[in-house]
Amino acid sequence: VVFLDLADVRTPERFQTELAIALGIRGTPLQRLADIVEYLRPKRLLLTLDHCEHLVPAGIAIVRLLLRECPYLRILSGSRVPWRGGMGEKVIATPPLSIPPLSILRHPPSYLVLTLPNWASVRLFLSEATNVQSDFRLTEKNALSIAQLCRRLDGLPLAILLMAGWANTLTPAEMLVEMETEQDILSSSEMDDITPYRSLHSSIDVSYRHLLPEIQRCLYHLSVFRGGWTMEVAEKVCGEAF
């Protein structure tokens, strides 16, 4: 398995360069793609590419070539948009993690301790909180707050990871209080300032800036709604931008 993060890759040429580095291939730029194909052709390999949306559709030709010339190669691509390159692609949507239902909040703490780990968002929160605070545990004292946090964060993995990263500083109840203030608690001081995942706001901003201008205008107009909208009202609000 070879993993390649393409978050900062914008051109097919850079894609070839980063892929060659990940595979440990050295050579001249003119022969780079040929060297990659020659290296991969006999290998049974899973190439995992993350943040591919920057290369769609510019990188389709490279991906199609690799799949055509390397019969044992499989590619797992993480992207906000599909390749749609006629390559037998199977698109699997990744929804938010499951969250505790509202009804569960009415149960006693002892019941919450037993049942909350059934939801993926809670399991992720507990796992990350334990990473930063080794003695962190789901208890009757914090169970309700953890359930409320996971619900407030809509099961979004990045938001849960950022929030749980404060477990060595704040209790889950204190995290809820901080969410009510204007402080940007959904950020991390442990990550580099240039990474788009240092905060939830920066991650959303990166996604927004890569949208087509007309889609940006639609989102701008739709931001007046809270809790969703219908097609009819969206057409009225967005007008020609829709």
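The values are calculated or read from the model by the stated rules, or taken from the named source; none is laboratory data. What you see is a predicted model, and the numbers here were worked out from it, not measured in a lab. Note that each Cβ is placed from the backbone with ideal geometry, even for glycine, and that neighbours are counted across all protein chains shown. Side chains included, ligands, DNA and RNA excluded: accessible areas come from the protein's heavy atoms. Shrake-Rupley method; radii C 1.70, N 1.55, O 1.52, S 1.80 Å.
For this structure, a couple of remarks:
- Extension reserve of the residue 48-residue 212 stretch, reckoned as 0.36 nm per residue once the Cα distance is removed: 56.4 nm
- Ellipsoid semi-axes for segment 117-173, based on the Cα gyration tensor and the rule √(5λ), read 15, 13, 10 Å when sorted largest first.
- Of 186, 65, 126, the one that fluctuates the most in a GNM where the chain has Cα springs shorter than 10 Å: 65
- Candidates 86, 27, 227, ranked by Gaussian network fluctuation over the chain, Cα under 10 Å, top entry: 227
- Sites listed here are chymotrypsin sites (Phe, Trp or Tyr not before Pro) in segment 1-74 whose DSSP assignment is loop and whose Cβ has at most 15 other Cβ atoms within 10 Å: 72.
- Equivalent-ellipsoid semi-axes for segment 60-129 (Cα gyration tensor, √(5λ), whole Å, largest first): 43, 12, 9.
- Probing with 1.4 Å while keeping every protein chain in the model, the per residue accessible area of segment 35-136 equals 58 Å².
- Centre separation in Å (Cα based) which lies between segment 25-61 and segment 88-150: 38 Å
- The fraction of Cα-Cα pairs per 5 angstrom bin, counted from 0 for segment 1-113, comes to 2, 10, 19, 21, 15, 7, 4, 4, 5, 5, 4, 2, 1, 0 percent, rounded to whole percents.
- When the chain is treated as a Gaussian network with alpha carbon springs shorter than 10 Å, the biggest mean-square fluctuation among 127, 207, 110 belongs to 110.
- Extension gain, residue 64 to residue 103, is 9.2 nm, computed as 0.36 nm per intervening residue step minus the present C-alpha separation.
- Equivalent ellipsoid of segment 1-67: semi-axes from √(5λ) of the C-alpha gyration tensor, largest first, are 17, 14, 12 Å.
- Structure-derived Kirkwood radius over Cα pairs in Å: which label, when the choices are (1) 25.7; (2) 19.8; (3) 21.2: (3)
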